[in-house]
Structures are given as C-alpha cells and as structure tokens.
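The values are calculated or read from the model by the stated rules, or taken from the named source; none is laboratory data. None of the values given here were measured: they were computed from a predicted structure. Here the Cβ positions follow ideal geometry from the backbone for every residue, glycine too, while neighbour counts run over all protein chains shown.
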Amino acid sequence: MGISIEGGCLCGACRYSSDAEPINIRACHCRRCQKATGAPFYARVMVPLDSVAMSGPIGWFDADTGVRRGFCTGCGTSLFSERQSANTVGLTLGSLDDPDRFAPSEHIWISCKQAWLVIDDGRPQYPEGPPA
C-alpha cells in the first residue's frame, strides 16, 4: 500500500486521490507544458493511472502526442497529464492539498526553459527528456 495523495481544483468542484507511491516527480520546462499550464514549467507527481479516483466536472484536452490533459470545467484549474498507453497520470503539484510533501527530483527539457529562470536547486537538469 502506498501513501495518500489528494488534491483538487480552485473552486473545489473537482477532487482526486491516489494511494500509490509516486513513479517519479519532475519539473518539465518544455513549451507544450508551458502552454498547457500557463506557467513557466509543469511540476507534477506521476502515479499509475489506475490508482487515481477522480470526481467532478473534469474536462479533457487530447493532445496529438498521446497525452491527455485534465482540467476543471468550472474554474479551469490544470489537474492532470494522462498517458493511457503507459497507465500513468501526472498530478499537478499546485493542485495537491499538501504540495510541500513532494519536490521534483529533476528538471527536464531545460533547453526550452524561460531565459529569466535560474535553476540552482542542485537537482539534475536534462536538455530534453531524462536518460532512459
């Protein structure tokens, strides 16, 4: 049995929970994630998709990359990045009830990071995806 991870949207209409141990915790700086979240990078906790219970008015945007992005249709909060083919879902750190419990272990796609952003947290940084 894993740990309890819970979160939801700004207006409170959408909720999610998982009892799975995180697969990984990353900050992605690619342009797709920047656009999808409206933020300089996308920090998320990845867990198995089949471990997550979701409720509320969740809308989905199907990207042509095989990633589906979930958001609250009421307030627009970005909640998920789902890859069904891998049975994984990324839970946005900002939507967690207790975001301080998790910190990214690495930064990926820093070749696309915002020029003003200085990353000096000592965590590994990869120009594109993490090494296989």
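Here are the numbers:
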quantity	calculated
Number of positions in segment 107-132 that are touching a strand residue (DSSP E or B) at 6+ places or on another chain (Cβ under 6 Å), buried (at least 16 other Cβ atoms within 10 Å of the Cβ) and closer than 22 Å to residue 78 by Cα	4
Residue list for segment 5-60, filter: among the hydroxyl-bearing types (Ser, Thr, Tyr) and at pLDDT 95 or above	16, 17, 18, 42, 51, 55
Residues located in segment 98-122, provided they are more than 26 Å from residue 19 (Cα to Cα) and not aromatic (Phe, Trp, Tyr)	110, 111, 112, 113, 114, 115, 117, 118, 119, 120, 121, 122
Top-ranked residue of segment 87-132 - restricted to ones that are in a strand (DSSP E or B) and within 12 Å of the chain's Cα centre (by Cα), ranked as farthest from residue 44 (Cα to Cα)	88
Which numbered condition residue 2 fails, given (1) over 23 Å from residue 127 (Cα atoms); (2) touching an Asp or Glu at 6+ places or on another chain (Cβ under 7 Å); (3) modelled with pLDDT of 95 or more	(3)
Positions within segment 75-97 being closer than 13 Å to residue 18 by Cβ and without any contact (Cβ under 8 Å) to a residue 40 or more places away in the chain, in sequence order	82, 87
Pairs, first free of Cβ contacts under 8 Å to residues at least 12 places away in the same chain in segment 31-46, second surrounded by fewer than 18 Cβ atoms within 10 Å (Cβ to Cβ), C-beta under 7 Å, six or more apart	none
Strands (runs of 3 or more DSSP E) contained in segment 1-86 and holding at least 2 residues exposed (fewer than 13 other Cβ atoms within 10 Å of the Cβ)	52-55, 58-62
